[in-house]
Amino acid sequence: MTSESWQATPTAPGAGSLRRQLGFWGTASLCVGGMAPTLAMSVTGVQPARIIGRAAPLAYVIAAIGIALVGYSFVRLSERFAHAGSVYAYIGSTLGPRAGFFAGWMLMCTYIVFPPVSVLGMAVFAQAFAAHAGISESVDWLPLALVSWVLTGVLAYRGIKLTARSIIVVEVVSLVFIGAIVAIVFVKLGLGSVPAHQGITTDVFRIPAGTSLSAVALAATFGFLSYGGFESSMSVGEESEVPRRMIPRSIVVAVAFGGVFYTACIAAQTLGFGTDDAGIRRFASSGAPLGDLARMYTGKVTADLLDVAALLSALGAGLAGVAVASRTLFALARDGLLPRRLAGVSSDTATPVVAVAVSMAVTVVPLVAFGIGSTRAIDAFFYLATVGILSLFVLYMLTGLSALKLVLIGRSGAPLWQGAVPVAGIAVAGYVLYRNIVPVPAYPFNLFPYIVGAWLVLGALLVLAVPAIAGRVSRGLGLAQEAPPAALAA
């Protein structure tokens with residue numbers, strides 16, 4: 001039996017099985033939705049502009065190369081394995097059951113915070129639309145977030161197929177819209193019909209004089225953050241129709257698309273504001289660079305609609321996040337690492353409904369807590385996003401080690417020299433992680449590495465102090481058998 005035809009054997013009483021119902025575009029939608037490209041382009045470009053000025057687009061070119069090195073490991077592993085537990089199963093099957101549990105533990109940390117990050121993003125841009133459209137300047141974000149939370153939960157509960165279709169629709173709409181704005185900017189730049197008479201120049205891909213390589217590398221780390229979630233399709237290894245072909249291709253498509261789209265968007269923003277000192281200052285000081293650019297080049301109405309596009313992108317990211325979170329809970333519960341009720345699957349929609357419900361319940365907790373604490377939505381967004389990113393890059397390093405072992409022991413069919421690629425990916429992920437910790441960021445961001453570190457230490461202590469965990473992972477993944485089950489076999 002091949003992994004394409006494998007169906008999980010439920011261990012929860014009365015549980016059903018996940019159902020293979022996603023084609024390629026449905027599978028790929030989770031990768032693109034997980035990255036939330038419109039949302040990412042609305043918030044990430046300012047920091048590279050502050051660090052390396054007009055060369056901000058170069059930071060995204062470097063980030064694309066780096067994330068391709070990281071993504072190679074995910075492609076290699078997803079060609080080999082198909083499992084709802086994503087890196088929990090992949091790392092467990094290569095580095096051993098303890099490493100597998102630890103990967104699942106870190107994956108839970110990531111996807112405890114990513115869904116509320118997306119809901120907060122929806123609230124932020126709903127607030128922005130209300131203000132820019134003249135509806136209200138002081139809309140409380142918590143009610144908006146709760147409405148967004150309900151919408152996300154309803155769509156996620158109805159099944160992975162509806163989730164994927166919803167992501168496709170919202171991302172296509174938002175990407176077409178932002179693509180049109182970028183195209184208009186480039187056309188007006190080419191015609192010279194621009195506010196400050198700036199034009200198109202390749203200087204945006206050249207390091208300004210006096211800029212150190214370490215500054216360029218630091219700027220690139222913000223480009224890496226835009227790719228967070230590119231690997232989301234790995235969680236539908238039991239719901240994609242031909243997972244060992246569709247999932248690797250979806251990752252390649254997402255990374256390639258991101259490289260082109262992100263670079264074009266940041267180039268449009270840099271050129272649109274202007275590459276002289278005054279233009280860079282305008283870009284670097286903008287709170288909403290895409291919106292400001294849209295106002296400059298297309299008018300107020302288009303800029304207002306950009307808020308809606310970013311909101312839709314955040315919805316797509318929320319749906320992808322809940323899909324990954326619930327499938328992770330489902331897989332861990334099926335293997336007896338969490339309460340087995342979480343492995344319950346709806347016979348109608350083939351959705352792990354209990355796991356979805358728990359994921360949504362966990363999502364609403366920080367929303368209410370930050371709302372009661374009068375924290376601004378945009379601040380809460382970055383607080384939780386930082387925690388998720390730190391945890392995610394730990395996972396990227398573990399995945400690189402897993403792929404490296406797969407290559408070195410000759411099971412992947414790849415030449416041994418290809419082990420250099422996972423090593424490079426590990427170095428990239430490690431550097432980005434390092435640059436998010438050193439130098440020590442300002443309060444409260446200096447606290448978040450300790451939060452992730454405490455979660456990491458707790459997971460390590462659990463797997464070392466409770467021998468039963470390794471045994472359950474081994475049995476769940478078939479590692480204790482003479483031959484691995486079809487879920488993990490080549």
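Details
- Meets criteria (within 19 Å of residue 453 (Cα to Cα) and either open to solvent by 10 Å² or more (accessible area, probe 1.4 Å) or of a type in the set (Val, Ile, Thr) (or both)) for residue 99: yes
- In the stretch 240-262, the condition of being touching a residue at least 12 places away in the same chain (Cβ under 8 Å), outside any helix (DSSP H, G or I) and either among the basic types (Lys, Arg) or open to solvent by less than 20 Å² (accessible area, probe 1.4 Å) (or both) is met by at least one residue.
- Taking first residues from the stretch 349-376 that are open to solvent by 40 Å² or more (accessible area, probe 1.4 Å) and partners that are in a helix (DSSP H, G or I), the Cβ contacts under 7 Å between residues at least 6 apart in sequence or on separate chains come to 354/341; 354/342; 358/329; 358/342; 362/112; 370/380.
- Residue that is closer than 30 Å to residue 264 by Cα and of a type in the set (Lys, Arg), where the choices are 80, 98, 54: 54
- On the stretch given as the stretch 377-386, residues that are crowded, with 22+ Cβ neighbours inside 10 Å and β-branched (Val, Ile, Thr) total 1.
- Of the residues examined, residue 272 is not one that is within 24 Å of residue 117 (Cα to Cα) and in contact (Cβ under 8 Å) with a residue 60 or more places away in the chain.
- If you go through the stretch 289-308 and pick out every residue that is open to solvent by less than 60 Å² (accessible area, probe 1.4 Å), in contact (Cβ under 8 Å) with a residue 40 or more places away in the chain and farther than 20 Å from residue 270 by Cβ, you end up with 3.
- Screening 99, 55, 84, 64 for residues that are assigned to a helix (DSSP H, G or I), touching a residue at least 60 places away in the same chain (Cβ under 8 Å), over 16 Å from the mean Cα position of the chain (by Cα) and more than 17 Å from residue 404 (Cβ to Cβ) leaves exactly one candidate, 55.
Condition check ((1) without any contact (Cβ under 8 Å) to a residue 60 or more places away in the chain; (2) within 30 Å of residue 280 (Cα to Cα); (3) part of a helix (DSSP H, G or I); (4) open to solvent by 20 Å² or more (accessible area, probe 1.4 Å)) across all residues:
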| position | (1), (2), (3), (4) |
| --- | --- |
| 143 | yes, no, yes, yes |
| 149 | no, no, yes, yes |
| 155 | no, no, yes, yes |
| 189 | no, yes, yes, no |
| 193 | yes, yes, no, yes |
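- Test for residue 164: is it assigned to a helix (DSSP H, G or I), of a type outside the set (Ser, Thr, Tyr) and in contact with a strand residue (DSSP E or B) (Cβ under 7 Å, 6 or more places away or on another chain): yes
- Selection count where residues are open to solvent by 70 Å² or more (accessible area, probe 1.4 Å), modelled with pLDDT of 95 or more and within 18 Å of residue 338 (Cα to Cα), scope the stretch 444-464: 2
- Search result, residues across the stretch 50-93 that are surrounded by fewer than 24 Cβ atoms within 10 Å (Cβ to Cβ) and over 26 Å from residue 220 (Cβ atoms): 79, 80
- Complete set of residues in the stretch 26-49 that are among the hydrophobic types (A, V, I, L, M, F, W, C) and open to solvent by less than 20 Å² (accessible area, probe 1.4 Å): 28, 30, 31, 35, 36, 39, 40, 41, 46, 49
- Filter result for the condition that a residue is over 17 Å from residue 67 (Cβ atoms), touching a residue at least 12 places away in the same chain (Cβ under 8 Å) and open to solvent by 30 Å² or more (accessible area, probe 1.4 Å), over 401, 406: 401
The values are calculated or read from the model by the stated rules, or taken from the named source; none is laboratory data. These figures come from a predicted structure and were not determined experimentally. Heads up, the Cβs are rebuilt from the backbone with ideal geometry, glycines too, and the neighbour counts pull from every protein chain shown. Note: accessible area is taken over every heavy atom of the protein model, side chains too, but ligands, DNA and RNA are not part of it. Shrake-Rupley method; radii C 1.70, N 1.55, O 1.52, S 1.80 Å.
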